[in-house]
Structure formats: structure tokens, C-alpha cells
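See below for the structure under consideration.
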Amino acid sequence: MKAAKKKLHAKEYQDVSIWVDKYGDLFSDYDSRDFTERALSDDFIMEVRKLVREMPSDHIEIKFNLMEEPSNPETEAIIIKNIHEHFAYYADAVQQEMNKIFRNGCLMCAGGFGLIISLAFLGTVAADSSLISGSHMALEPIGWFLAWTGLDMVFQQSKKEQETIDFNLKMTRAEITFMSFGITMDVANAENENSIAPQPKVIPCGNSLRVAS
């Protein structure tokens, strides 16, 4: 049963391996707040975005490999929660902005076509009126402008950030794990204080990324 589950997991998830010196490398250097409130590093977000966007799968596993710091489950739980909440917030914010553009586009499109139809109707009712004729000439370009601008907002502008939304949603669903090499190094130092602790070897695992200060 365990072997089958592991095989399914490997099939569904694509992994991104990230090497960091310590937990703090994932957060902004200019934010001195505790991990529970601290903002994520822009460099980390930018690098992860480049790697994850290229992956066709919606199931991503982020593997953080700590080079210097020993594992701390409580800190890791906070970091995982912060990462998921960060990307969920931005996915929702961008989606709301795109929905707003879509709604405004629909209103502009409806207003433009409504104005065109109204002018055409008035032109048939009072074809001999110079006032109606002048109004038709002045307002018809405005109607077409509103209509075409609205269509552009509905079919183009409201979808231009879909890639950003998809990326953020991938990150909200990502499985995040940590592996510490700091423990291995501490044990080696304890066994032989006079010897130099062996440096962990970086082994590429799919897409690999080194994020360190």
C-alpha cells in the first residue's frame, strides 16, 4: 500500500528543489518582524515564479534544503502557512481586479451598443430632423468607441493576468517540505572537533535553485 501511494505521489507532483542557508533567507531582509508576520523575499518569489510557471502540472512540491540551520517543525509550519496565505492573497487580489475590468468592459460595451441602437432608432423616427441628424453624427463615434473599448476589456484585458493567477493558485496548492543538512554537520563536528565538517553536496533534482544570502 505504501509503495503504491509513493508511486502515485511521484506521478502527480513535480518538484522544485531550493537550497537555502537558513529559514531567514526566505523572507525580506528589510522586514524585522517575527516569521508569523514577515514578508516573503522578492528574490525568492521571482525565482520560484520562473521555475513553477514552466511546469505544466498543477501539482507542485517545493523542497527546501537547509544548509546551515537544524530543522524546526514549528518554524516550518509557520513558513508553510505564510507561503500559502501570501500566494492565496495575491491570487484573489489579481482575480478581483480582472473581474472588475470584465464588469466595466461589459458596461461599456452595453452602453456603446445601446447608444448606437438608440441613434439608429431615432434616425428612422425623425429622419428629416436636423437636430437628430447632427446628434447622430456627433454621438455615433462615441458609441463605437465605447463598444470596441468594452469588447477589448472583456476579451483581452480581463484575461491578460491569467498566467499570474494560475501561478499563485499553483503555489497555494503546493506541497512544501523541508530537509535540514545542518543536523548532519553538527553531528560530524561533535564526533571530531578538530576535523573540518564535510560540506553537503548539492545534487540536482529536477529544477534546482540556490537561494542564499
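Against the conditions (1) under 27 Å from the mean Cα position of the chain (by Cα); (2) assigned by TED's automatic domain parsing to the domain that holds Asp58, Gly150 satisfies every one except (2). Of the residues making up region 53-90, those that are within 15 Å of Thr177 (Cβ to Cβ) and small (Gly, Ala, Ser) number 2.
Of all residues in region 85-132 being over 19 Å from Met153 (Cβ atoms) and of a type in the set (Val, Ile, Thr), which is surrounded by the most Cβ atoms within 10 Å (Cβ to Cβ)?
Within region 85-132, the subset over 19 Å from Met153 (Cβ atoms) is 85-92, 117-132.
Going one step further and asking which of them are of a type in the set (Val, Ile, Thr), we end up with 117, 124-125, 132.
Details: Ile117: 11, Thr124: 8, Val125: 9, Ile132: 16.
Top of the filtered list is Ile132.
Each residue in region 45-72 was checked for being under 16 Å from Glu175 (Cβ atoms) and part of a helix (DSSP H, G or I), and 3 of them qualify.
The values are calculated or read from the model by the stated rules, or taken from the named source; none is laboratory data. Quantities reported herein were computed from a predicted structural model and do not represent experimental measurements. Every residue, glycine as well, gets a Cβ built from its backbone with ideal geometry; the counts of neighbours run over all protein chains shown.
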